[in-house]
Amino acid sequence: MRNWLLPEYIEDVLPSEAARLEQLRRKLLDLFKVHGYQYVIPPTLEYMESLITGTGHDLDLATFKVVDQLTGRLMGIRADMTPQAARIDAHMLNHQGVSRLCYAGTVLRTKPDGLARTREPLQIGAELFGHAGIESDTEIQRLMIKALQLLGLEELHIDFSHVAIFESLVKAGNISADLEQALYAALLSKDKAAVTHLAAGLPKSIQQALVSLTELNGDAAMLEKAKNVLPELPEINLALADLRAVASKLSDLNVHVSFDLCELRGYHYHSGIVFAAYAQGYAGPLALGGRYDEVGIAFGRARPATGFSLDLRGVITALAPASQPKAILAPEGNDKALLNEIEALRADGLIVIQALPNVQLSAAELNCDSALVLRNGEWLIEALAQH
């Protein structure tokens, strides 16, 4: 066994990609900052109770677990930073009004997922706490779109759904927990035959509604069809109205909006509108988000909440390769004029690498395309010969 091998789906991030990730991370955090979102850095480890509280079974399975040697309690390595942001809002900040938080950091998952197929995504996101209206949902959605456009992604496609539709059908049909889970899985895979079989013993109106969810997808016109085929339940009417409002409030951002009422990703976690962003050249969603008003209750302080997150490592997989800025090769030595010139160039944002004694230089490995040379008592930058 080779000791230097890394676990499956765990990779080193090498200089060119690391530089690009950091550059884009800073751009996104600066974008969030000017929109009023405050940066927080949650811990990598927490007790399991707070890491998965209110998020359902899925996040529990995705979390690596360790035993705390100080207390003997079970701890987890974060697999998602959203619950941590909710805990910070509920207990550390304790704001009575609206809180806007953002974060950027590595999470660890037991199985690979996302666009990068890694177990170590670089998660970046923004969360808004303390407002329950459609306006805060729209603010988060617009911020997500701006973030993706800032990264250079064009022709974005935003897909919306609303978990209250399925949830209200479950309640109206008095569906058991086991059947609810089975229907959820079948709807998520759009398996109409499976949904029909599972719903066979339910009231006719609920059965027809559940089957119809597998076909209710498309543009805003589909929402009118949904209103006609789904039961007249207050929760469903409100959910469809919210989805119509979302479409109208994003019309100025040059994105394509669609709806898929069968899309229930995060059903056990979210409580309202859910959404995903897609773009040409990507096989899966670029970013995911939605409303999750129930999570704060688990921390002892009920707070409405909405947010989104993305895996930056996954997003950049389909971006055009970025060229690394070239460096200037400076000679070795402690001459004061030389050192002053090097520092002046670095202060202007240029990369200057000073040679070391007794080392064979390779301009290509150092990514240098020019050199600092002394000509007639003056330090000049001259292009290096390309081989």
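Numbers for the structure displayed
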quantity: Protection-proxy order for peptides 212-219, 224-231, 333-340, each taking the mean of Cβ atoms within 10 Å per residue, highest first; calculated: 212-219, 224-231, 333-340
quantity: Radius ratio Rg over Rh of the range 294-381, counting only Cα atoms, Kirkwood formula for Rh; calculated: 1.37
quantity: Convex hull volume per residue for the range 15-318, taking Cα atoms only, in Å³; calculated: 139
quantity: Unit charges on C-beta of K, R, D, E only; dipole of the range 314-354, Debye; calculated: 180
quantity: Fewest-first sequence of I353, I10, I236, I134 by Cβ atoms within 10 Å of each Cβ; calculated: I10, I353, I134, I236
quantity: Candidates per GluC sites (Glu not before Pro) in the range 285-387, loop by DSSP, up to 15 other Cβ within 10 Å; calculated: E332
quantity: ³J(HN,Hα) computed for each position of the range 143-150 - Karplus, 6.51 cos²θ - 1.76 cosθ + 1.60, integer Hz, glycine/proline x; calculated: 5, 4, 4, 4, 4, 5, 5, 4
quantity: Residues with amide H under 5 Å from that of A330, placed H, sequence gap 5 or more; calculated: I353, Q354, A355, L372
quantity: Pairs beyond 26 Å (Cα-Cα), from K65/K192; K190/K249; K171/K227; K65/K171; calculated: K65/K192; K190/K249; K65/K171
quantity: Taking V67, V315 and counting other C-beta atoms within 10 Å, the order from fewest to most; calculated: V67, V315
quantity: In Hz, Karplus ³J(HN,Hα) per residue of the range 242-251 (6.51, -1.76, 1.60; θ = phi - 60°; x = Gly, Pro); calculated: 4, 5, 4, 5, 4, 4, 6, 7, 10, 5
quantity: Cα pair distances in the range 12-116, grouped into 10 Å bins until the bin that holds the longest one, percent each; calculated: 13, 36, 36, 15, 1
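Values in this text are rule-based calculations from the coordinates and carry no lab data. From a predicted model like this one, the values you see are computed outputs, not experimental measurements. We place every Cβ from the backbone using ideal geometry, glycine too, and count neighbours over all the protein chains shown.
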